[in-house]
């Protein structure tokens, strides 16, 4: 069973998040660029407006500057500030004295001393700055656009004074805030529609991919007949079509391979049957010929008939082995509760008989005093099959040990012989049908039948062996209590 892959973040979610992130970045970039361009335009317009106001004020008050009529200049400055919505108006005469100051009249007739004032007086052309307001004006706003122009005339090359006006950036900031708000509102709408569009697109992309994932999982579990229905005419549709084609090709190749394997197995089985049946048939034919063609005594005739009967029984056993292995509809197990050690003692009687007239030492170490649910006849056959193989491996001389033990869920039966062992490269084939390594007779179905019997008991069989180290077969059978618990869980789950 293949585990289903669970992504940490679904493709649909990734696409929606990516779309939202891109739209947000575009909105932020748009706000930045638009704000920068609008601010630049407003600054240019503010400078033009400030220069125009300062030039008009300078032309209007030129005579006052020439005649040093500071009172008139101060009055006009107050009017200009109010009418033009300026932050301040400051006028310096040609000697650098303050001729008018709308925010601090105590500075009038005093020489300019702060850095901004000195820079304004020294400027020979229009000077545009963004500065902090003077500390003497704490009630005013912190930032201001400061515009300074020199007052000159065509008739006189000299400089008659300097006009400074301050314009608040609040109007510009309000305009920028309004523009940003509108862009953000439009961006929010675009974000909502963008995410919805991304959701639709993500569904269009992720749904076929999910179908492909489900199809690949079913294929991994062995269902090669599953087809994926994707009706999109894009690359995903092509991918689904190619996936279906691949599944068809794999299924076709698998069917051909199974057919070839079946034919090869049939051929191998037929060759094995013919080869193994030829020997007893030859023996039967030979003794029958002796009885037919020669005059033999009654004792010799009886010996010939015994040999013929032995070979016939041998063929019956081999054919029964084939029939039992090949039967698809096996009879149900006749399960019954049985003490493991008592059952093994019954098997030991037959193993003793199997090893009769040999020099094989048979010992037992029974410590699995637990209850199991088994088919006595079938499991006995499985154990006798292993013992029979051990007899072949020991070649009439050696040790064979039968042990039992149990854990919390299984009873374990261990069968050990100190024969030559099974080479590592052959251990994986020991349970395959028709494998008869080192055996003098039979079709090589004994261990395959043994594994089948153990599997039918919901058990497991394994082996530990090495060349020259002997062989140990380990059979694990669920305890009777463990079987009942599994049935109880399965019943409650189905309910």
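Readers should treat all values here as calculations from the given coordinates under stated rules, not as data from a laboratory. Owing to the predicted nature of the structure, the values given are computational and were not obtained by experimental measurement. Neighbour counts run over all protein chains shown; Cβ positions are idealised from the backbone, glycine included.
A crude spin-label estimate for the pair residue 335 and residue 361, with each label 7 Å from Cα along the Cβ direction, gives 4.0 nm. When each of the peptides 93-100, 460-467 is scored by the mean number of other C-beta atoms lying within 10 Å of its residues, the order from highest to lowest reads 93-100, 460-467. Against the compact-protein benchmark of 2.2 N^0.38 Å, the Cα-based radius of gyration of region 16-174 scales to 1.29. Annotation for residue 75 and residue 59: the two label points, set 7 Å from Cα along the Cα-Cβ direction, are 2.2 nm apart. Legend: calculated FRET efficiency, residue 315 to residue 289, from the Cβ-Cβ distance at R0 = 22 Å, rounded to 0.05, equals 0.75. Working ranking of peptides 107-120, 32-45 by packing, defined as the average number of other Cβ atoms within 10 Å per residue, highest first, is 107-120, 32-45.
Distance between the pseudo-spin-label points of residue 49 and residue 143 (7 Å out from Cα toward the beta carbon): 1.6 nm.
By counting other Cβ atoms within 10 Å of each Cβ, how are 149, 449, 121 ranked from fewest to most?
Least to most surrounded, the residues fall as 449, 121, 149.
Using a Förster distance of 56 angstrom, determine the FRET efficiency expected from the C-beta separation of residue 281 and residue 227, and round it to 0.05. Efficiency for this residue pair is about 0.55. If I stretch the segment between residue 432 and residue 21 completely, what's the gain in nm (0.36 nm per residue apart, minus their alpha carbon distance), one decimal? Residue separation times 0.36 nm, minus the Cα-Cα distance, leaves 141.9 nm.
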